[in-house]
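Just passing along the structure, written as structure tokens.
The values are calculated or read from the model by the stated rules, or taken from the named source; none is laboratory data. Everything numeric in this text was worked out from a predicted model, so none of it was measured. Positions of Cβ are backbone-derived with ideal geometry, glycine not excepted, and every protein chain shown enters the neighbour counts. Protein only, heavy atoms only, side chains kept; ligands, DNA and RNA dropped before computing areas. Shrake-Rupley method; radii C 1.70, N 1.55, O 1.52, S 1.80 Å.
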Amino acid sequence: MRKFNVTVNGKSYSVEVEEEGVVSSAPVVAAAPTPAPVAAPKAAAGGSVVKSPMPGLVLKLNVSNGATVKKGDKIIVLEAMKMENDIVASADGKVTFLVKQGDNVESGADLASIG
């Protein structure tokens, strides 16, 4: 049994992992590096900004750039930890995306501006 401390969204957890089976002596192959998160352009002044609640990959933009949306409309699908998360409009207005499909974003990154 091995013990690890893991931090998720700023909250620390202590976990124990049980090792099963035979440990292989095969060489470890390094995984391909993931692309660095893209720095998003800054949102326009005076608008409502939609921020990323977690780090992840922008899978889909549900509406076109410049579309009129209502508060609560699904505008982005963000993949985080192999789960798809709907990101919704924070206000009524026209949406201007600050990211594009395929971008990696950090927690708190500006995703869109609605004005």
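Tell me whether region 76-92 contains one or more residues that are over 25 Å from residue 8 (Cα atoms), part of a strand (DSSP E or B) and either acidic (Asp, Glu) or open to solvent by less than 60 Å² (accessible area, probe 1.4 Å) (or both).
So far as region 76-92 goes, no, none of its residues is over 25 Å from residue 8 (Cα atoms), part of a strand (DSSP E or B) and either acidic (Asp, Glu) or open to solvent by less than 60 Å² (accessible area, probe 1.4 Å) (or both).
So which residues in region 93-115 are hydroxyl-bearing (Ser, Thr, Tyr), open to solvent by 50 Å² or more (accessible area, probe 1.4 Å) and under 19 Å from residue 47 (Cβ atoms), if there are any at all?
96 - this is the single residue of region 93-115 that is hydroxyl-bearing (Ser, Thr, Tyr), open to solvent by 50 Å² or more (accessible area, probe 1.4 Å) and under 19 Å from residue 47 (Cβ atoms).
Within region 66-115, how many residues are on the phi > 0 side of the Ramachandran plot and in contact (Cβ under 8 Å) with a residue 40 or more places away in the chain?
3
I've got another one for you. Can you go through 52, 48 and tell me which one is more than 15 Å from the chain's Cα centre (by Cα) and buried (at least 16 other Cβ atoms within 10 Å of the Cβ)?
Answer to the selection: 48.
Across region 1-27, which residue is modelled with the lowest pLDDT among those that are hydrophobic (A, V, I, L, M, F, W, C) and open to solvent by 100 Å² or more (accessible area, probe 1.4 Å)?
Looking at residues that are hydrophobic (A, V, I, L, M, F, W, C) and open to solvent by 100 Å² or more (accessible area, probe 1.4 Å), I get 22.
Moving on. Restricting to region 55-65, and then to whatever is open to solvent by 10 Å² or more (accessible area, probe 1.4 Å) and touching a residue at least 40 places away in the same chain (Cβ under 8 Å), can you tell me which residue is nearest to residue 7 (Cα to Cα)?
55
Could you please find all residues in region 93-107 being outside any loop (DSSP other than H, G, I, E, B) and within 9 Å of the chain's Cα centre (by Cα)?
Scanning region 93-107 gives 104, 105.
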